[in-house]
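All remarks here apply to the structure that follows.
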Amino acid sequence: MDFSLSEQQQKWYDAAVRFARDELVDAESVAREQRGEFWREGYQRCGRFGILGLPIPSGYGGQGTDIPTAVAAMEGLGYGCPDTGLIFALNASLWTTTMPILTFGTEAQKARYLPRLCDGRSFGANGASEPEAGSDIFSMTTRAVRRGDRWVLNGRKVWITGGPIADVFLCFATTDPSKGVLGITAFLINRDTPGFHVVREISKLGMRTAPMGELVFEDCELPAESLLGREGRGARIFNAALEWERGAILASVVGTMRRQLDRCIQQARTRKQFGQPIGKFQSVSNRIVDMMTRLETSRWMIQRYAWLKQEGKDATIAASMAKLHVSECFVQNSLDAVRIFGASGYSVEGGLERDVRDSVGGVLFSGTNDIQRNIIAQHLRL
Ligand SMILES: Cc1cc2nc3c(=O)[nH]c(=O)nc-3n(C[C@H](O)[C@H](O)[C@H](O)COP(=O)(O)OP(=O)(O)OC[C@H]3O[C@@H](n4cnc5c(N)ncnc54)[C@H](O)[C@@H]3O)c2cc1C
């Protein structure tokens, strides 16, 4: 078993670290976070660098890398750039909109949407959650009714990452509530479609640079070619999108955890109390060892998921385990970093408190970690 990165993976990892440090770190970063502002220019720089379309074939404007290379590059991005919100937003667009269009779209849909999503002209959002349908997602009530050769949608979506800024939305509705899961259908919707409204921007605990919104459909008419996949096959598309998200979206926080670890080691060696470096106190060194162990296990879980996908093997459980483990590790490592730095870790200028706030969303999105445990338990026939 070879655990090292291949030449191509290492090349992308190194390039992503350099790019992130040179082009995604600027003096405005803290202010943007405080204002809860999406950095469109930073997103477009990512498009020019090529990271938005890493696993997308070059014929559609992507880089055509394999999945292990894509997650290695995302890890590099997270290591080099402290704006976890921006990186989360671009990953959400990639894994939950771009990849489903690549996998389930017609040639016309791929040609229309993918080049723009890859080069940063468009941002994609995925709208499934509703006020009364969260974990129980397939109880959604947004309704799509066929009228001639068009579809008419009515309903509401909430907690949608990128909602306030997205250009294209992959949304789910039921075409026949009596069929339950088999009534769920996926649609691609352009932002400027009449009857489609982004009604609210939702402020939140962390990842404030990844805007979140609420969407409303009011007799929103869509042409037949808006259907993604077939009528009644939306649950399959939803599950595929969620699997990509669970397995890959946290690759960048592995890079964030490595950045935290580097800083903590440095601090433990240089900060002196009681006449010696704090790293000499076992309570500090043990904490750092635990952080490193969480970082390494997180890394292997995501790489394993990526490898399974690349090999065309079933990765459902690997995705749920990666999501569950990495998100919990990120919360714990972020808290541990603050403890090691003391009050300077708690201060905004220390640059670590933001990670604590940014980490919490991971235990909720893509299905809460309770739901991931349910999926894994079901697999064990429990
Ligand atoms: C940062 C962030 C980004 C998001 N982005 C998007 C997005 O882009 N698109 C989108 O559609 N949605 C998005 N969501 C919504 C997300 O998918 C939901 O928050 C999630 O599915 C949980 O639904 P809920 O919030 O309604 O909680 P609920 O389903 O009401 O759950 C509340 C609590 O009950 C627990 N619970 C519920 N059912 C069970 C069960 N069967 N077993 C055990 N425990 C259970 C949950 O674990 C949780 O602790 C995002 C959420 C966050 C936090």
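The values are calculated or read from the model by the stated rules, or taken from the named source; none is laboratory data. Keep in mind it's a predicted model, so treat the numbers as computed, not measured. Positions of Cβ are backbone-derived with ideal geometry, glycine not excepted, and every protein chain shown enters the neighbour counts. To get the accessible areas, we keep the full protein, side chains included, count just its heavy atoms, and leave off ligands, DNA and RNA. Shrake-Rupley method; radii C 1.70, N 1.55, O 1.52, S 1.80 Å.
Numerical summary
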| item | result |
| --- | --- |
| In the stretch 210-236, the residues that are under 25 Å from A111 (Cβ atoms) and of a type in the set (A, V, I, L, M) | L222, A224, L227, L228 |
| I189, sole failed condition from (1) under 23 Å from M99 (Cα atoms); (2) open to solvent by 70 Å² or more (accessible area, probe 1.4 Å); (3) β-branched (V, I, T) | (2) |
| Condition broken by R381, with the remaining ones in (1) surrounded by fewer than 21 Cβ atoms within 10 Å (Cβ to Cβ); (2) within 20 Å of E33 (Cβ to Cβ) satisfied | (2) |
| Residue in the stretch 51-68 that is among the charged types (D, E, K, R) and farther than 20 Å from Q303 by Cα present | no |
| Residue in the stretch 162-176 that is of a type in the set (F, W, Y), at pLDDT 95 or above, under 24 Å from E37 (Cβ atoms) and buried (at least 22 other Cβ atoms within 10 Å of the Cβ) present | yes |
| Helices (runs of 4 or more DSSP H) within the stretch 321-379 that include 3 or more residues more than 16 Å from the ligand (Cβ to nearest atom) | 343-346 |
| Among residues of the stretch 94-130, those that are within 13 Å of the ligand (Cβ to nearest atom) and within 17 Å of F187 (Cβ to Cβ), counted | 10 |
